[in-house]
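First up is the structure itself, then whatever we jot down about it.
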Amino acid sequence: MQTWEHRQLDVPENEMEQVLQSFGQNGWESVSVIDETTDPSRQTDRRMYRLFFKRTAGTGEDVAD
């Protein structure tokens, strides 16, 4: 049976690309994104997103938070 590891983290919009690249290089697949910004009129660098990732258990190295 396939087993999975799961991670979630909150990321500001201006760090999104870097986080996605880093997680992807370590075998993580992005499975969902939630806009956690309470005020949509906030500037781009203040918007927050919750990212959800999965990967096959025991593969790749961990990504530092």
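The phi-based Karplus calculation (6.51 cos²θ - 1.76 cosθ + 1.60; θ = phi - 60°) puts the 3J(HN,Hα) values of segment 47-52 at 6, 10, 10, 9, 9, 10 Hz, whole numbers, x for Gly and Pro.
Residues whose amide H falls under 5 Å from that of residue 36, counting only those 5 or more places apart or on a different chain, are 48, 49, 50, with hydrogens built in the peptide plane. To the nearest 10, the accessible area of residue 38 is 120 Å² with a 1.4 Å probe.
The values are calculated or read from the model by the stated rules, or taken from the named source; none is laboratory data. Computed from a prediction, not measured in an experiment: that's the story for all the values here. These accessible areas exclude ligands, DNA and RNA; they are computed on the full protein's heavy atoms, side chains included. Shrake-Rupley method; radii C 1.70, N 1.55, O 1.52, S 1.80 Å.
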